[in-house]
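Readers should treat all values here as calculations from the given coordinates under stated rules, not as data from a laboratory. None of the values given here were measured: they were computed from a predicted structure. Because the Cβ atoms are built from the backbone with ideal geometry, glycine has one as well, and the counts that use them run over all protein chains shown.
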Amino acid sequence: MGSRDVAATRVSLLHRGNDTTVRLTGEYDDRELGGTPHRARITDAAVIGLLRELNPQLEIRGGRRDVDSDLSKLRDHSRVGSLTLRIDHDAGSVTLASLTGLRAHRYRYLEDYDGTPLVIDSFGVRQHGDYASQEFTAVSTGKGPLQWAAGISAYRERVKGSYTNGISEQIVCGPGYGYADCNQLVADIYGRDRVFVPAADGILTDVNRAKAANWGTSAYGAVDWKVIPDLTIGAGARYTWDHKRFDLDVPQVASTLGNVWLSTYYTSGYVRAAQVWDGVSPRVYARWAPNHDWTIYLSATKAMKAGGFGTFSLVASEPLDDYDLVPVGTKPDDYGKETVRSVELGVKGRLPDGRGTAAITAFHYIYNDLQANVFDPVLRSTQVINIGRVRGTGIEAEAALRFGRHVSLALTGAWTRTVKTGDRGCTLADCGGLGNPKLTTSAILRLQTPLRNGELYVQSEAFYASRARRSFDDRGFGRVPVCARGDVRLGYAGNAGWSLESYVRNVTNSLCYAGADNGGGISPATLWGPILARTAGLALTRRF
């Protein structure tokens, strides 16, 4: 499946004056992981049957936890560094704060998206970028019934990347286009004067190069009014303005097949598009505390998220599917902003006699023009699109219980139902939901006792997630199976910060997946992100 190698460091400097506090924090994180493992579903008879016309012996070898891949190694390597400067100043009745952030990253990624031993969707990313932000806030600290907060912020972001997709030339010509061989495909598209010469590795590699330059500002304000000692009502709003500029370059491929697959066109350098999105996000709420232990709250919010540009699609005033240079005026395709309205009602508080805490929340939301990543079998790539209206209703609950000095139990649970309409031409009253499970629960039971200069403990953990109701399950493969698993830990935690823990993860050796893809065209449906099999280990930790 891959490996995991993580190195991270964090350094902080703190200065405290009479009225001013300054904190500078630097962080660096280097993560070398395996890319997301995909396993093709042999039950996808339509696609597997099409691929077997080229390779009659095609099988997806190994067990359900295994990946039968054409890649020798999946890769997910990121290096991220950041600097954060926070200054807080007590100005009497107002606390002023400044937050400055700088962040830079480099990212390398490689996955076998099709999950087969054939070269169909070998997707790679090389990307780097930087981000800078500045925020100023003012918060009242008076003791009157009216309190307020205000702030302004700005950011600038630059990202540059190269995105590749490799596919066998023989698969392009055969299952992809339905030709007996690549000579016929080349002759049909370009004429008899052009001759097909197989690439040295037999692979057609599409390349998309992208550059993004984004900047924006926002301003917000909020007011709280304590109507009576037990009741507080409040209102606030945030205005955001985002300018996004996007450049996309689709060069000619090295294969003599030409640009016939992921991008059936090419550009003569970068083409550019720019757009501005702005909006106001208001919020109102009420909070009632009938006693010192319990609080009941109600809030209503309307928010927006700026649109953007897709990395794998261009638009022009005329069709682009001509395997040639794009016309003048071609630019990156954009997707629109999304908006959400939500209402939340909750209760939280402390249980009698110090037995713990509990909380329960009910919510309802409506997304309009929800942004989503969708694999398009016609365009043979993942597109970012707006997929209509989504209504969601749910309940979340949690409790942290204590049974004396030595026993504690933490419980969580959530039930959510989502229904979508207007998704890609769907006229049904229910076009599917979002990808989250309908029901999730967890329980953590911990037994501990003092021992010398620390604590000896044993902990058991159980997790459950029902089948996820995949969005737009048009091929019937987009359902993630039920997941139920458990972990056990036995350890000693010293008061000086040292701890030693033995553990068994996934005690029941359950098979769970992070997600599912429907596939289509010549890309089979897949299950991806399986959890580890039963694993035992020992961890030594030092906390400072």
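Based on the Kirkwood approach, the hydrodynamic radius assigned to segment 293-406 is 18.4 Å, with every pair of different Cα atoms included. Less than 15 Å Cβ to Cβ from residue 492, Lys/Arg counted +1 and Asp/Glu -1: what total charge do the surrounding residues give? Summing Lys and Arg as +1 and Asp and Glu as -1 gives +3. Per-residue packing, averaged as other Cβ atoms within 10 Å, sorts the ranges 336-345, 193-202, 301-310 into the order 301-310, 336-345, 193-202, beginning with the highest. Both the radius of gyration and Dmax for the chain are 27.5, 88 Å, in that order, over alpha-carbon atoms. Listed from fewest to most Cβ neighbours within 10 Å, the set 173, 483 follows the order 483, 173. Sorting 245-255, 448-458 by their mean Cβ neighbour count within 10 Å, with the most densely packed peptide first, gives 245-255, 448-458.
More than 17 Å apart: what percent of Cα pairs in segment 435-543 qualify? Within segment 435-543, distances greater than 17 Å cover 64 percent of Cα pairs.
The Cβ shell under 11 Å around residue 130 holds other residues with a net charge of +4, Lys and Arg each +1, Asp and Glu each -1. Each of the peptides 531-537, 429-435 was scored by the mean count of other Cβ atoms within 10 Å over its residues; in descending order, highest first, they stand as 429-435, 531-537. Kirkwood analysis of the Cα pair distances in segment 231-316 returns a hydrodynamic radius of 17.6 Å.
Count the net charge of all other residues whose Cβ sits under 12 Å from the Cβ of residue 301, scoring Lys and Arg as +1 and Asp and Glu as -1. Overall, the nearby charge balance is +3.
For the chain, the number of Lys pairs separated by eight or more positions or lying on different chains, with C-alpha atoms closer than 21 Å, is 18.
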